[in-house]
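Here is the structure we will look at.
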Amino acid sequence: MLISGAAGGVETAMVQVQVAGVPGAHTVASVRRPELHQQVRALAPDGARVDAVTPTDEPQYGPYDVIVELVGGQDCLQRVTLLRSRGKVLIVGVQAGATVPLRMFDLMLVRGQLIGTTIRGRTHAEKALLADLVRTSVVPLLAQGRLRVPVDSAFSLDQYTDGYARLAGPGEFGKVILACA
């Protein structure tokens, strides 16, 4: 599995859930800033491995069964060429851009699937099922210390503009938190 933009808050969770939930799976975490690679590799529990790479190095670790796109942007669907036959691209985030070109023949050649998902568009019943799945599958991993929530920085509510500036800026690793004083 390839996980793009793997240094952000949701992305670090995705890396950890993948490694903890699928023991022995090969996880590649793509992070544009090499100075964050060691922190991303450290997300793997003892005995597991996460390869942290820059986007230009992604092809060297493929082909991939699953590519999780957490960033979006102009070039994100060029990763379709990195899929193994019958692989899947899962679109989860598009903060770098929601409209992108796709060479459909590349997707057809690998008989790949392009899947979009979001929690926003789900019904209350679907959200309740998802919350229950997180409660039974992810929360125990947190309680056992197999998952952690990296915190990049914390700001009080009256510093919200600084918090949002940090979130929008480069080089964050983990969650940016707004907290009540």
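The values are calculated or read from the model by the stated rules, or taken from the named source; none is laboratory data. Since the model is a prediction, treat every value here as computed from it, not as a measurement. Heads up, the Cβs are rebuilt from the backbone with ideal geometry, glycines too, and the neighbour counts pull from every protein chain shown.
List of remarks:
- Among the residues of the range 128-146, the one identified as surrounded by 12 or more Cβ atoms within 10 Å (Cβ to Cβ) and either charged (D, E, K, R) or assigned by TED's automatic domain parsing to the domain that holds Ala7 (or both) is Arg146.
- For the range 1-80, the helices (runs of 4 or more DSSP H) that sit wholly inside it and include 2 or more residues that are touching a Lys or Arg at 6+ places or on another chain (Cβ under 6 Å) are 9-21.
- Count of the range 84-127 residues which are surrounded by fewer than 11 Cβ atoms within 10 Å (Cβ to Cβ) and in contact with a helix residue (DSSP H, G or I) (Cβ under 8 Å, 6 or more places away or on another chain): 2
- Filter result for the condition that a residue is of a type in the set (Gly, Ala, Ser) and within 20 Å of Leu142 (Cβ to Cβ), over Ala44, Ala96: Ala44
- The range 147-176 - residue that is among the hydrophobic types (A, V, I, L, M, F, W, C) and exposed (fewer than 15 other Cβ atoms within 10 Å of the Cβ) and, of those, modelled with the lowest pLDDT: Ala168
- Candidate set: the range 1-54, residues that are touching a strand residue (DSSP E or B) at 6+ places or on another chain (Cβ under 8 Å), charged (D, E, K, R) and modelled with pLDDT of 90 or more; chosen: the one surrounded by the most Cβ atoms within 10 Å (Cβ to Cβ): Asp51
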